[in-house]
Number of protein chains: 2
Amino acid sequence: MSNLKSHASDAPSSVRASSNKPSTQKRILDTAERLFAREGFEQTSLRQITQEADVNLASVNYHFGSKKALIQAVVARYMDVFMPALDEELRGLDDESALTTLQVFEAFKLPLFSLNGIHKRGTERFLRLLGFAYSETQGHLRRYTQSAFGNVLQHLLALLHRANPELSDEEMFWRLHFVLGATVFAQVSGQALIEIARAEFNHEVNIKTVIEHLIVFIAGGLERP
Amino acid sequence: MSNLKSHASDAPSSVRASSNKPSTQKRILDTAERLFAREGFEQTSLRQITQEADVNLASVNYHFGSKKALIQAVVARYMDVFMPALDEELRGLDDESALTTLQVFEAFKLPLFSLNGIHKRGTERFLRLLGFAYSETQGHLRRYTQSAFGNVLQHLLALLHRANPELSDEEMFWRLHFVLGATVFAQVSGQALIEIARAEFNHEVNIKTVIEHLIVFIAGGLERP
DNA sequence: GATTAAATTAAACGCATGTTTAAAATGTGT
DNA sequence: ACACATTTTAAACATGCGTTTAATTTAATC
């Protein structure tokens, strides 16, 4: 944590001077993201990351301090885009007169797809990172999310209660966690499932399709009387 | 795999002769089960198991051949009870005239609760083992389940299709995996969630309650038009 | 261009894992 | 009681991990 060298978070020069190669920091971040999203955090070693990024093993600890901090940096890059976008979408629902569960979940779509601005397959990567963050127990990530974006999550819960006033707090508690489970699982097993589906149904399947299916499903489960 | 000593699967003498202590094999199996269900497969080391079981480290490899084989033996002990029981329940639904999704999922309840015959908290343990088997990628376990009990799972799929004839194969495919996700997640995060719920709602929460909530949720998600 | 500061490098450290080995202990059949 | 097979044991093996160190190279500053 505090082991970080002072210059590590200095902002500007993200591109090396007289070279078209991205900086070491960015190379590490990009490669780590790709591998984390594919294999999970624990399954990905620093040696694997540094080798594929073509940087020295020790540079991860030099630039980020520790593997934990690297994980957090990778996730934060997406969170910092996603959460404000979601926040705005949720605010747009505050004035809705007859709010439905489906509306609330569909508010996730734009923020999710906007992540493709970060990377070509940003949506997919973010969801898989999230999935691993929860299925592996990366407590520090949960704490970071809760403390940095807790208010957004509170807002979400309030809207869901407004859309389902007949559900008790306890029922909402359980169903929300089931929603989370279905979502996380769909992403972690996502790539494998997409391939199976492709072979089985003889047409292209992409992340958008999966999300559409998922949203209908979780809305159905959550609204169940 | 084939490294197993020939006597390892010899059936009978599960209790040592002139001693009230269970056999080494059983001690390993019981302790491994307890730890696997609590921490997951990868998080539990053989040293932890053998230490708590009070047996020698090497005896796991002697009796089971490898850690993978031990994991499989632990899971199989439950599968061999659960799957036939589920099979029987599902057969009971074949003659149902107006089959509902809820009926299909409720057919899981008895087989699940029957696992408490194996261990006091057998239901909970089995579900958590299953959860870890899927969230960690224990491919060999998936293969074993598929090959040993594939017919039961096929039967389940057929019944769900009968209860929801309007759903396409593809929709059923996705929803079934979301169901699996919600279930697995609920169990892996289960203990933590149960404790939060207990504190939040000031009354006892047990595994049965969670399953009741879950079944309603997944039936709602799956039936969604 | 000399002097600092920052970044990179190769190597080692310390620890934990699953597995194997070979000797000792225990049990079994005659 | 002997001979043999089975089981248990302590120790080492081989591998992989995140991290640290100390020296070198590169960049920036005066």
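Please tell me if A:A163 is at pLDDT 85 or above and either surrounded by 19 or more Cβ atoms within 10 Å (Cβ to Cβ) or closer than 16 Å to A:A107 by Cα (or both).
So A:A163 fits the description; yes.
Would you check if A:A186 is farther than 16 Å from B:F217 by Cα and within 12 Å of chain B (Cβ to nearest Cβ)?
Judged against the criteria, A:A186 is a match.
List the residue pairs whose Cβ atoms are under 6 Å apart, where the first residue sits in the stretch B:65-92 and is among the β-branched types (V, I, T), the second is within 16 Å of DNA strand D (Cβ to nearest atom), and the two are 6 or more positions apart or on different chains.
B:V74/B:A32
If you check every pair at least six apart or on different chains, which have Cβ atoms under 9 Å apart with a residue in the stretch A:200-214 that is more than 10 Å from chain B (Cβ to nearest Cβ) first and a residue that is assigned to a loop (DSSP other than H, G, I, E, B) and at pLDDT 80 or above second?
What qualifies is A:I207/A:R121; A:I211/A:F108.
Is it the case that A:S97 is at pLDDT below 95, away from DNA strand C (no atom under 16 Å from the Cβ) and exposed (fewer than 15 other Cβ atoms within 10 Å of the Cβ)?
For A:S97, the condition - at pLDDT below 95, away from DNA strand C (no atom under 16 Å from the Cβ) and exposed (fewer than 15 other Cβ atoms within 10 Å of the Cβ) - is met.
What do you reckon, is A:V60 modelled with pLDDT of 95 or more, away from chain B (no Cβ under 14 Å) and within 12 Å of DNA strand D (Cβ to nearest atom)?
So A:V60 passes the test.
Could we say that A:A158 is more than 12 Å from every other protein chain (Cβ to nearest Cβ) and at pLDDT below 90 here?
No, not satisfied.
Conditions tested, residue by residue: (1) over 30 Å from A:R162 (Cβ atoms); (2) surrounded by fewer than 21 Cβ atoms within 10 Å (Cβ to Cβ); (3) under 22 Å from the mean Cα position of the chain (by Cα).
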position	(1), (2), (3)
A:N56	yes, yes, no
A:N61	yes, yes, no
A:F64	yes, no, yes
A:A69	yes, yes, yes
A:R77	yes, yes, yes
A:D80	no, yes, yes
A:E88	no, yes, yes
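If you go through the stretch B:83-101 one residue at a time, do you hit one that is closer than 26 Å to B:F185 by Cβ and in contact with a Ser or Thr (Cβ under 9 Å, 6 or more places away or on another chain)?
yes
In the set A:G117, A:G150, which member is outside the structural domain of A:L29 (by TED's automatic domain parsing) and either crowded, with 20+ Cβ neighbours inside 10 Å or under 30 Å from B:N202 (Cα atoms) (or both)?
One residue alone meets the criteria, A:G150.
What number goes with the only condition from (1) loosely packed, with under 13 Cβ neighbours inside 10 Å; (2) at pLDDT below 90; (3) farther than 21 Å from B:G40 by Cα that B:E195 does not pass?
(3)
Would you pick out the residues in the stretch B:24-45 that are buried (at least 18 other Cβ atoms within 10 Å of the Cβ) and either touching a Phe, Trp or Tyr at 6+ places or on another chain (Cβ under 6 Å) or not β-branched (V, I, T) (or both)?
If the condition is that a residue be buried (at least 18 other Cβ atoms within 10 Å of the Cβ) and either touching a Phe, Trp or Tyr at 6+ places or on another chain (Cβ under 6 Å) or not β-branched (V, I, T) (or both), then B:Q25, B:R27, B:L29, B:A32, B:E33, B:R34, B:L35, B:F36, B:A37, B:G40, B:F41, B:T44 are the ones that fit.
Please go through (1) at the interface with chain A (Cβ under 9 Å from one of its Cβ atoms); (2) surrounded by fewer than 19 Cβ atoms within 10 Å (Cβ to Cβ); (3) over 18 Å from the mean Cα position of the chain (by Cα) for B:G221 and return the number of the only condition it doesn't satisfy.
(2)
The values are calculated or read from the model by the stated rules, or taken from the named source; none is laboratory data. Predicted model, so just to flag it, every value in this text is computed and none were measured. In this analysis, Cβ positions are derived from the backbone assuming ideal geometry, glycine residues included, and neighbour counts consider all displayed protein chains.
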